[in-house]
1. Can you tell me which residue is farthest from Met1 (Cα to Cα) among those in the stretch 239-262 that are touching a strand residue (DSSP E or B) at 6+ places or on another chain (Cβ under 7 Å) and near the ligand (Cβ under 10 Å from one of its atoms)?
2. When only residues in the stretch 77-112 that are farther than 25 Å from Thr200 by Cβ, of a type in the set (A, V, I, L, M, F, W, C) and crowded, with 20+ Cβ neighbours inside 10 Å count, which is farthest from the ligand (Cβ to nearest atom)?
3. In the stretch 88-164, which helices (runs of 4 or more DSSP H) lie fully inside it and hold 2 or more residues that are closer than 22 Å to Val41 by Cβ?
4. Every residue in the stretch 5-20 that is away from the ligand (no atom under 13 Å from the Cβ) and either buried (at least 20 other Cβ atoms within 10 Å of the Cβ) or at pLDDT below 95 (or both), please.
5. Kindly establish whether Lys151 is charged (D, E, K, R) and on the phi > 0 side of the Ramachandran plot.
6. Which of the residues belonging to the stretch 175-193 are touching a strand residue (DSSP E or B) at 6+ places or on another chain (Cβ under 8 Å) and outside any strand (DSSP E or B)?
7. Which condition breaks for Asn192 when tested against (1) out of contact with any Cys (no Cβ under 9 Å at 6 or more places or on another chain); (2) in contact (Cβ under 8 Å) with a residue 40 or more places away in the chain; (3) not β-branched (Val, Ile, Thr)?
8. Looking only at residues that are among the hydrophobic types (A, V, I, L, M, F, W, C) and crowded, with 23+ Cβ neighbours inside 10 Å in the stretch 21-41, which one is nearest to the ligand (Cβ to nearest atom)?
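The values are calculated or read from the model by the stated rules, or taken from the named source; none is laboratory data. Bear in mind the structure is a predicted one, so any value in this text is a computation, not a measurement. Here Cβ is always computed from backbone atoms with ideal geometry, including for glycine, and neighbour counts include all displayed protein chains.
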Amino acid sequence: MDLKKLFGFDGKTVVVGGAASGMGKSACELLIELGAKVHAVDINPVDLPVEKSYQTDLGDKDSIDNLINELPEKIDALFLCEGIAGFKGRELLVQKVNFYGQKYITECLLNRIVDHGSVTYISSVGGFGWQQIYTKAVELINLPSWEDAMKWYEEHHKDIESSYVFAKQCLLSYVTYKCHSKEFIERKIRINAINPGDTTTGLTDDFNKSTSPNGDAIEGAAMIENIFLKSWNGYAAEPKDMGYPMVVVGSDICSYMSGQLIYIDYGLTSSWTNGALLKSNNKTIEEISAESQE
Ligand SMILES: NC(=O)c1ccc[n+]([C@@H]2O[C@H](COP(=O)([O-])OP(=O)(O)OC[C@H]3O[C@@H](n4cnc5c(N)ncnc54)[C@H](O)[C@@H]3O)[C@@H](O)[C@H]2O)c1
């Protein structure tokens, strides 16, 4: 079996946002290996043998508009990986980089994405529970312009508890809302997101600092370990643990997969779901198991 053929990226044009570091860089490395012509976008320089790189701020509308003019006319797959941590004082920037900019880029490029093409995002296990904000997210998604969205954020900033979590939840809501919308389904463009668990990348230090109420990286690292790793005696993932599956999701291997929010977290969120379901049913697993054997 020809593996390059199976993935379907050989000679294909692919755009990757957030390509300079971490998961996006890993995704690019695999895409290059698979023969894709990678157009790599990042606010920082991209140090990879790509077809073309663009140093662009993906949280800024004017920069995105300029980028759109430069990107290829025909795109086979779009991968958006860019993201920043949720520090106090930059809440709006987090919405723009981690969600709204990604929605905007997608919609600007949609008519250039080929039939049966794909769009794949990186959300987060931090977006778990996205259903709670779904109607709010749909309201935001349906606003007609970037300016309207910025106004909406201004009016709703008090309702947003964590800027990082909200942006990631909006991204998951977007995938769910759009997968069967006319613009995606008519041309069979697939749309999915992966949800990484704790991964050691260029963002780790920022995540540590932004998680600690005192901005202390060591305290933050301990808090993150407690939330994401301790319950399963786990370990942090590497960028390729996320970047490679993301490439698979956007490839022809997953040609029948759309609208999916794929948790890559070694079962962490499944264990949260398990706990919540058992609690809501007020039963232990032993009781359920015993009942099922009666
Ligand atoms: N590292 C984790 O534990 C973790 C967990 C869950 C989700 N994520 C998400 O994974 C994605 C990839 O992040 P990573 O962990 O690989 O971190 P990273 O910092 O290594 O990669 C993020 C990339 O985004 C780029 N970027 C940031 N702001 C930008 C902007 N305004 N315009 C253009 N590019 C910009 C950065 O320069 C960087 O190259 C992010 O969306 C992040 O939120 C990370």
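1. By that ranking, first place goes to Pro239.
2. Ala77
3. Because the criterion is at least 2 residues that are closer than 22 Å to Val41 by Cβ, the helices (runs of 4 or more DSSP H) in the stretch 88-164 that meet it are 91-95, 101-109, 146-156.
4. Phe7, Gly8, Phe9, Lys12, Thr13, Val14
5. It is false that Lys151 is charged (D, E, K, R) and on the phi > 0 side of the Ramachandran plot.
6. Within the stretch 175-193, Val175, Thr176, Lys178, Cys179, Phe184, Arg187, Lys188, Ile189 meet the criteria.
7. (1)
8. Met23
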